[in-house]
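Below is one structure, written out as structure tokens; the observations come after it.
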Amino acid sequence: MRISIVTPSFNQAAFLEAAMLSVLEQRDVELDYVVMDGGSTDGSVEIIQRHASRLSHWETGRDAGQYDAITRGHARTTGEVMGWLNSDDLLMPGALSIVAEIFTAFPDVQWLTTLRQVRLDERGRTVRVLVHPGISRGGFLRGETLPVPGTFATGFIQQESTFWRRSLWEKAGAQVGRDFPLAGDFDLWARFFQHAEPVSVECPLGGFRFHDAQKTGNRQDAYLAEATRAFDLHNIRRWSPLARLLRRTALANARGFTAGVALRLGLLFPSKIARHDRKTNCWNLTSTNA
């Protein structure tokens, strides 16, 4: 299976080579890798040139921002499965072979993400792993993948650990960030949900790096404000206080009385998980309520 990855970058020489190598060193997969540089002046171009022979395409020059670079980059890719990795983040070793195995084994799976979200420090060390209880359209449409103060949220969908079929990308408009220059990923997931539910895995696929120059960290409030603006567009409505309490309790005690009540009230939703069977060395699809 051919997997297409795009890395957008602008003046990220401190992290770019590590990000690129985390893609290029993936094994047991046919890789289609594009790097889109926004006209860096910090040595990034020299880093890209060192690995140019292993890239499907690369270019450098002024662009309209990160999402413009991703959209244009993917227009040059041909893989059946797609994703993007920002230039300060990392793929986990073996991640793309897992992605390829699951998409190959289950032709109906349209997009895939992780429930084990790795957080990296500035040096690229894993310093935390967040556990997501499950991702569903129902939870997304209640704003649960957007942590905003004063609301109930289970956590973001981790962008660097999310992959999808080209057919879904095309159904969703084959672009990212046109209307939401900061929260383009949130808008893309919303458009994906219009066509398919995701499948999750209980192993890390990518790592999100925190550092002082990070756009996401420095503009977190602006990102949340923009994603919140997208709520009306995608008909997202927050839980009432009582429903939020019941749902939080149900998620904490999946087999308890509260979970049964929450299920009957429509406060829990089916969530698909791909689990690895070590005896058969195969992946199985299972369902849980989340």
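Computed from the coordinates by the stated procedures, all read-outs in this text should not be read as laboratory data. The structure displayed is predicted, hence computed values, not measured ones. No Cβ is skipped: glycine too gets one built from the backbone with ideal geometry, and neighbour counts run over all protein chains shown.
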Task: Value of relative contact order over the chain, rounded to a whole percent, pairs C-alpha under 8 Å and six or more apart - done: 19 percent
Open item on the list: Using the Karplus curve 6.51 cos²θ - 1.76 cosθ + 1.60 with θ = phi - 60°, what ³J(HN,Hα) values do you get for each residue of region 96-101, in whole Hz, with x for Gly and Pro?
Closed with: 6, 5, 5, 4, 5, 4
TODO: For helix 241-252, report the angle its Cα long axis makes with the longest principal axis of the Cα atoms of the chain; keep it between 0 and 90° and round to the nearest 10°.
DONE: 80 degrees
Open item on the list: Running a GNM on the chain with Cα contacts under 10 Å, which residue among Glu17, Glu226, Glu25 ends up with the highest mean-square fluctuation?
Closed with: Glu25
TODO: Have a look at Trp189, Trp84, Trp239 and tell me which one the Gaussian network model of the chain (Cα, springs below 10 Å) gives the largest fluctuation.
DONE: Trp239
Open item on the list: Between region 185-208 and region 98-116, what is the separation of their alpha carbon centroids in Å?
Closed with: 11 Å
Task: Helical contribution to [θ] at 222 nm, DSSP H n ≥ 4, -39,500 (n - 2.57), averaged over the chain, rounded to 500 - done: -9500 deg cm²/dmol
- [ ] Return the single residue from Thr77, Thr249, Thr114 with maximal mean-square fluctuation; model: Gaussian network over the chain, springs between Cα atoms under 10 Å.
- [x] Thr249
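Among bridges DSSP assigns within the chain, what percent are antiparallel (round to 5)?
45 percent
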Task: In order through region 21-28: 3J(HN,Hα) via Karplus (6.51 cos²θ - 1.76 cosθ + 1.60), integer Hz, x for Gly, Pro - done: 5, 5, 8, 5, 8, 5, 10, 6
- [ ] Can you check what the net charge comes to around Ala227, using other residues whose Cβ is under 10 Å from the Cβ of Ala227 (Lys, Arg +1; Asp, Glu -1)?
- [x] -2
Task: Local electrostatic count, Ala100, Cβ distance below 13 Å [Lys/Arg +1, Asp/Glu -1] - done: -2
Open item on the list: Could you derive backbone 3J(HN,Hα) for region 7-19 from the dihedral phi with the Karplus parameters 6.51, -1.76 and 1.60 (θ = phi - 60°), listing whole Hz in sequence and x where the residue is Gly or Pro?
Closed with: 10, x, 8, 8, 6, 10, 4, 4, 10, 4, 5, 4, 5
